[in-house]
Amino acid sequence: MRHDKIQKSVAAYMCRYISHMPARLDFTQSITGLILALFIAAHLLFEASIIISKDAMLAVTKFFEGYYFFGESYPGIISFLAASIFLIFIIHALLVMRKIPSTYRQYVIYKKHLHRFRHSDSTLWFYQVVTGFMMLFLGTVHLSMMMSNPSEIGPYASADRIYSEWMWPLYLLLLISVVLHAAIGLYRLALKWGFFEGKNPRKSRSVMKKVMLISIVIYLTIGLLSLGAYAMIGYKHSDNKGQRYQPLTAEQEPSAIDKEPSAVEHEPSAKEQKPPLIEKTKVQP
């Protein structure tokens, strides 16, 4: 009886004085990581529209610029979306840094632990740390460009940036890091919170690991095909760098978007002047 009273007293003391902040921070880290992983998965699929055609990629761009909702494009919407993702990205990074070895001694202890146990999930965590540091620099460059130059997105504008401006090495490294980081992160998130655990946790873990590996292969393939398509378009368009893409059906589309003279063969009549679905040309001050 006395022992039960002591246990209840200790439990009451712990509930009252032990901080719940670490648990709240872990939960916030998981939520921000989930948001970023889902964003990356969707973003790579949207970017893959260039594999279908230039018109498909332009249509996706105009969708996110609000063209189909407001009747004209507002690149500032993309700046707002990029800034929102960047904010979540920074919050997630700060929360993750709590668990990364901050001294050489802690790093040595972790390396000994890694070699002693040789557990695949511990190795995956190390891959996440490495890819996370890559994303911290590469992702910041990409997001800053999207925030500062949202109008520089389109079949030719993006292809020129990747090929003529030699940004393809950055995007190649960014692609590898985000796919690995997101896939491993979703796998570890499912393990941490017990999602899809089922009646046989060991079997569930094996299945989730296979899904993770398949996802990595699929998304890396999609990303590499997209990057290759942009590079090929940029190579063919290198002599006309700066010219914006105009669909073949642009003469039948509505428009009041600035166009370069080289992009249009004739001036439409007054009856034909409805805004065209073309890449918006950045106006120089």
Exercise. Among the listed residues Ile78, Ile91, Ile153, which satisfies the condition of being part of a loop (DSSP other than H, G, I, E, B), on the phi < 0 side of the Ramachandran plot and among the β-branched types (Val, Ile, Thr)?
Worked result: Ile153
For this session: Give the residues of the stretch 94-118 that are surrounded by 11 or more Cβ atoms within 10 Å (Cβ to Cβ) and either within 22 Å of the chain's Cα centre (by Cα) or not in a helix (DSSP H, G or I) (or both), sorted by residue number.
Result: Leu94, Leu95, Val96, Met97, Ile100, Pro101
Seminar exercise, completed: Counting only residues in the stretch 190-208 that are surrounded by fewer than 16 Cβ atoms within 10 Å (Cβ to Cβ) and either part of a helix (DSSP H, G or I) or among the hydroxyl-bearing types (Ser, Thr, Tyr) (or both), the one modelled with the lowest pLDDT is identified as Pro201
For this session: Give Gly132, Gly154 a once-over and let me know the one that is under 23 Å from Ala82 (Cβ atoms) and within 13 Å of the chain's Cα centre (by Cα).
Result: Gly132
Problem set entry | Residue tally, condition in contact with a Ser or Thr (Cβ under 9 Å, 6 or more places away or on another chain), closer than 30 Å to Lys192 by Cβ and surrounded by fewer than 17 Cβ atoms within 10 Å (Cβ to Cβ), over the stretch 47-88 | 1
Exercise. At pLDDT below 95, among the small types (Gly, Ala, Ser) and either within 27 Å of Ile184 (Cβ to Cβ) or under 16 Å from the mean Cα position of the chain (by Cα) (or both): does that describe Ser30?
Worked result: yes
Exercise. Among the candidates Tyr171, Tyr127, Tyr187, which residue alone is surrounded by fewer than 18 Cβ atoms within 10 Å (Cβ to Cβ) and either assigned to a helix (DSSP H, G or I) or under 17 Å from the mean Cα position of the chain (by Cα) (or both)?
Worked result: Tyr127
Exercise. Looking at (1) of a type in the set (Asp, Glu); (2) within 23 Å of Ile218 (Cα to Cα); (3) without any contact (Cβ under 8 Å) to a residue 12 or more places away in the chain, which is the one condition that is false for Glu165?
Worked result: (2)
Exercise. Across the stretch 32-56, what is the number of residues that are without any contact (Cβ under 8 Å) to a residue 60 or more places away in the chain and part of a helix (DSSP H, G or I)?
Worked result: 9
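The values are calculated or read from the model by the stated rules, or taken from the named source; none is laboratory data. As the structure is a prediction and not an experimental result, all values here were calculated from the model. Cβ sites come from the backbone with ideal geometry, for glycine too, and all protein chains shown count toward neighbours.
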